[in-house]
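In what follows, a structure is listed as structure tokens, so that the remarks can point back to it.
The values are calculated or read from the model by the stated rules, or taken from the named source; none is laboratory data. Every value quoted in this text rests on a predicted model; they were computed, and no experiment measured them. Reconstructed Cβ throughout: ideal geometry from the backbone, glycine too, with neighbour counts over all protein chains shown. Keep in mind that these areas ignore ligands, DNA and RNA; they rest on the heavy atoms of the full protein, side chains included. Shrake-Rupley method; radii C 1.70, N 1.55, O 1.52, S 1.80 Å.
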Amino acid sequence: MRTLRGLMGSDVVIIGAGSTGSSAAYNLAKRGYRVTVIDKRGIGQGMTAYSSGIVRAFYSVREVAEMALYSLRFFQEFNKEFGYNAFTRTGLLVVAGDYLRRNVEMLRELGVDIELIDHEKARELIDMETNQGELIAWENDAGYADTTMVANAFAARAKELGASFIIDEARLSIGNGEPKVVTSSHGELRGDKYVVAVGVWANKVLPMELPISIIAEKTIRVKTDKDIPIIFDTINNFYLRPEGASSALLGDLDPGSSIVNDADSFNPLDRPGMDEALKYMESAAKRIRWALNMGFIDGWGGLYDVPPDWMPILDEPIKNVVTCVGLSGHGFKLSPALGIMIAETIEYGRPRSFADIFRLSRFKELINIRSKYAQGILG
């Protein structure tokens, strides 16, 4: 079998060219590493393509909020690095219980532009019903970004810096104690280090089993004809994300536990029916008066790769193999920070710019990130 190491001269071989893998390639190439990226679907064509693309600093785990704030600012200044804009600021309205207060206090300490607002101000932002005892927060700088545009921007800049991208199916194999990437059409790829950033395909690509479940979720596109912010309603379990001035994406904040056994058997283009769309719209109608009048346009499905605590696994579980998987729907919005963390793990053995809390060993040590670190809600 042919080996591409001599031809490609790779220091690092990355499996996965979604937002995370492409960000890793960009950050490694900037540091002078020779990088080869392989993905059987192409750049940003896995679950990245079906992400809602919401970008916000609003997290309850302080260490993750720091990553999210860095990433938000990166998206805000995207044009400076890549020459065009991929981010749209809309603001984020969050409705929750009393625990929202300490969440907002923590985020303000970090420098997030967020505040608690009264019910009258919330109704000015969007015509909605509120109830006594509910708290409402407004994150001013939140918005959404074009997911495939971002992944391709990372990849294009990585290519300019010498990275190579290959479309092919690949898996990691261990032979004589040494890892290698086995592909369908390009022989073996070898590097000094490897990165696995394949999301829901992690346990198909890795020669070991990680504690990851695959959970399905649906996104509904609706016609609104209104200029609205992003809405997170933790009480009625829905989010609404504007898409321009006339439509929006609607989905569950907590997709529940619709387990999928095989990611390859899942068809994201399996369009939800009207009955399914109405369930989402009925959830939104508990908060927003006009939600049942939203016109159903279309929709699609997506998959989350979910560890027990819904937080990433960023570690080196096999010598010279760094995994960044189990992103649980956080991956795109955190991709600028995750790319840095992967590059630092390759270079130094651990992340330095952000907290090193995502090691695989936490599950044996019974450390639940959300319960140990969280100060409020939504991870």
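Annotations
- Compared with the alpha-carbon gap, the fully stretched path from residue 279 to residue 264 is longer by 2.7 nm at 0.36 nm per residue.
- The modelled label-to-label distance between residue 368 and residue 105, using points 7 Å beyond Cα along the C-beta direction, is 2.3 nm.
- Model label sites at residue 361 and residue 130, defined 7 Å from Cα along the beta-carbon direction, differ in position by 4.6 nm.
- Extents of region 47-107, largest first, come to 42, 22, 21 Å (Cα atoms, principal axes, whole angstrom).
- In summary, the aspartates and glutamates within cross-link reach of residue 80, defined as a Cα separation below 18 angstrom excluding same-chain residues under 8 places away, comprise 141, 146, 160.
- Trypsin sites (Lys or Arg not before Pro) restricted to DSSP loop in region 205-303 with at most 16 other C-beta within 10 Å: 226, 286, 289
- Angle in degrees between helix 62-76 and the longest Cα principal axis of the chain, rounded to the nearest 10: 90 degrees
- Scanning the chain for GluC sites (Glu not before Pro) in DSSP loops with at most 15 neighbouring Cβ atoms within 10 Å leaves 210-364 as the longest stretch between them.
- Per-bin percent of Cα-Cα distances, the chain [20 Å]: 29, 57, 13, 0
- Against the chain, whose longest principal axis comes from its Cα atoms, helix 19-30 is set at around 50 degrees.
- Rounded to the nearest Hz, the phi-derived 3J(HN,Hα) couplings of region 187-193 under the Karplus curve 6.51 cos²θ - 1.76 cosθ + 1.60 (θ = phi - 60°) are x, 9, 10, 10, x, 7, 9, where x marks glycine and proline.
- Only protein atoms count toward the accessible area here, which uses a 1.4 Å probe; on the chain, the carbon and sulfur part of that area reaches 43 percent.
- Solvent-accessible area per residue for the chain (1.4 angstrom probe, square angstrom): 41 Å²
- Angle in degrees between helix 331-348 and the longest Cα principal axis of the chain, rounded to the nearest 10: 30 degrees
- Taking the DSSP beta bridges with both ends in the chain, the antiparallel portion is around 75 percent.
- FRET efficiency estimate (nearest 0.05) - Cβ-Cβ, residue 289 to residue 31, R0 56 angstrom: 0.60
- Loop-located chymotrypsin sites (Phe, Trp or Tyr not before Pro) across region 1-96 with a Cβ neighbour count of 10 or fewer within 10 Å are 84, with loop assigned by DSSP.
- Partners for residue 364 among lysines (Cα-Cα distance below 16 Å; same-chain residues under 8 apart left out): 372
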